[in-house]
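So the structure is just underneath, and the comments pick up after that.
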Amino acid sequence: MYVPGALAETLAVAILIISLLVAVIRPLGLSEAVIAVPGAVLVVLTGIVSWHAALDRLEAIGPTVGFLAAILVFGHLCAEAGVFDYLGTRAALASGGRPRRLLALVVVLAASVTAVLTLDATVVLLTPVVLTTVQRMRIANRPHAYACTHLANSGSLLLPVSNLTNLLAFAASGLSFGHFAALMVLPWVLACTIEWVGLRTFFARDLPAEPVDNDADLPAAPRYALGVLALTVVGFVVTSSVDVNPAWAALGGCLLLLVPRLRHGGVSVRRLVGEASPGFCLFVLALAVIVEGVTKHGLGNVLRHLMPDTTTVGALLLAAFLAAAVANLLNNLPATLALIPIVTGQPALVLAVLIGVNVGPNATYPGSLATLLWRRLLPADAKPNAAQFHLLGILTVPVILAVTTVALWGGYQLIG
């Protein structure tokens, strides 16, 4: 069955929109893959995407999705080992009961967790710990809750393993793990710093200078788990430097964390498989095929026309802001899948696009699946105000995009 050009574009876009809506709303708790997988099959059966092209896309993105599954399980095992509870309590004690100092520590903690364990760990595992901490201290929860989601997005610039979008960009950039991190470290620091300044200024009324009572008891440090975490991060660097999928390092970390539990028989294979989020992994694979159908026709041509092909500071700024706009229109994952193939092999443009799809989604709820998940998981007393959320995004996102992209350009001039 063959669908002509204009109709093919319309059908592919409709399938993409419906797939994203289901992923956002999750009616009846259905998996994200319920619509996306049949949708991907449909775009192939109708000839919008050939079987050969679909298989190529799946082969290209497969290792990335494998890493995603492994790091989700690793983050879950770290949480069960007490890593997040320990770090959250340690931050509370280090704050001395001062809400402003706690906000700074939450920003640092969220940025660090995001960089090492992906933004999903920050949203799903760290946010509840932070909310419990501020509730115990009886201070406003909104500044610290917002810090978690903003740093989940902006704080994911540093390492290839920090975000699914990073993994896609890393594969297309041709950079080594260390070279990627060297180019992104200054943009990452600047993004986190501006986020902190923005949050502190925007929520100034909720952050009194006076200390509050804090009677938290520091739990015993999960030394073994923290050691495995450090070793796994080293594994990411080593495996990537020898062109081995970092999923093997994440899998090794999972096995090391499971060793103490195997002695007591406290391991549920079914639970581990569930933590790997197979539905979301299938959703990502299906989305890659659907986006291939969308970009194969009109949208792809438009984006190619708009995307610059030089590495001047103006070109990088255009690439970053274009990527941010597309991310807020389509969501950051489809935006990455659509834009990265256009700039493959051009490291500076790849990283500029990455800045756009990572920082840009802080402007709107639909911009990032992580933000939508964060919003859905928050308890009723911490639900964000839509007007407040978007106003904060409008005030901070353009500044962060501009500053970090210029920093990227400067770094690229120095170390290439």
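The values are calculated or read from the model by the stated rules, or taken from the named source; none is laboratory data. This is a predicted model, so every value here is computed, not measured. No Cβ is skipped: glycine too gets one built from the backbone with ideal geometry, and neighbour counts run over all protein chains shown. The area values use the complete protein model at the heavy-atom level, side chains included, leaving out ligands, DNA and RNA. Shrake-Rupley method; radii C 1.70, N 1.55, O 1.52, S 1.80 Å.
Key figures
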{"read-out": "Contour minus Cα-Cα distance for L93 and D213 (0.36 nm per residue)", "value": "42.2 nm"}
{"read-out": "Simple label model, 7 Å out from Cα along Cβ direction - V41 to R263, nm", "value": "4.7"}
{"read-out": "Crossing angle, helix 142-154 versus the chain [Cα axis fit, 0-90 degrees, rounded to tens]", "value": "40"}
{"read-out": "Student exercise, the chain dipole from Lys, Arg, Asp, Glu Cβ charges, in Debye to nearest 20", "value": "640"}
{"read-out": "Dipole of segment 207-366, positive end: most advanced residue of G356, L207, G293 [Cβ charges, Cα centre]", "value": "G293"}
{"read-out": "Estimated dipole of segment 1-138 in Debye, rounded to 20 [Cβ of Lys and Arg +1, of Asp and Glu -1, Cα centre]", "value": "900"}
{"read-out": "GNM flexibility winner over the chain from S268, S368, S173 (Cα, springs under 10 Å)", "value": "S268"}
{"read-out": "Value at 222 nm in deg cm²/dmol, rounded to 500, when DSSP H runs of n ≥ 4 in the chain each add -39,500 (n - 2.57)", "value": "-24500 deg cm²/dmol"}
{"read-out": "Accessible surface of segment 1-102 [probe 1.4 Å, protein heavy atoms]: carbon and sulfur percent", "value": "70"}
{"read-out": "Nearest-ten-degree value, helix 347-359 long axis tilted from longest Cα axis of the chain", "value": "60"}
{"read-out": "Under DSSP loop assignment and at most 16 Cβ neighbours within 10 Å, longest trypsin sites (Lys or Arg not before Pro)-free interval of the chain", "value": "264-416"}
{"read-out": "With Cα atoms, 0 to 90° folded angle of helix 164-173 axis to the chain main axis", "value": "50"}
{"read-out": "Virtual spin-label span in nm between T132 and L30, 7 Å along Cα→Cβ", "value": "3.4"}
{"read-out": "Carbon and sulfur %, accessible surface of segment 281-355 computed with the full protein complex present, 1.4 Å", "value": "67"}
{"read-out": "P(r) of the chain over all Cα-Cα pairs, binned every 20 Å from zero, in whole percent", "value": "27, 59, 14, 0"}
{"read-out": "E59-V302 pseudo-label distance in nm [points 7 Å out on the Cα-to-Cβ vector]", "value": "3.2"}
{"read-out": "Å² of accessible area per residue within segment 278-330, as computed with a 1.4 Å probe and no ligands counted", "value": "40"}
{"read-out": "C-alpha center-to-center spacing [segment 29-48, segment 261-326] in angstrom", "value": "16"}
{"read-out": "Farthest toward positive dipole pole in the chain [+1 Lys/Arg, -1 Asp/Glu at C-beta], among L372, G411, V134", "value": "V134"}
{"read-out": "Separation between Cα centres of segment 90-111 and segment 153-175, rounded to whole Å", "value": "26"}
{"read-out": "Surface per residue (accessible, 1.4 Å probe) for segment 165-232, Å²", "value": "50"}
{"read-out": "Packing-based ranking, highest mean first, of 36-42, 60-66, 207-213 given that Cβ atoms within 10 Å are counted", "value": "36-42, 60-66, 207-213"}
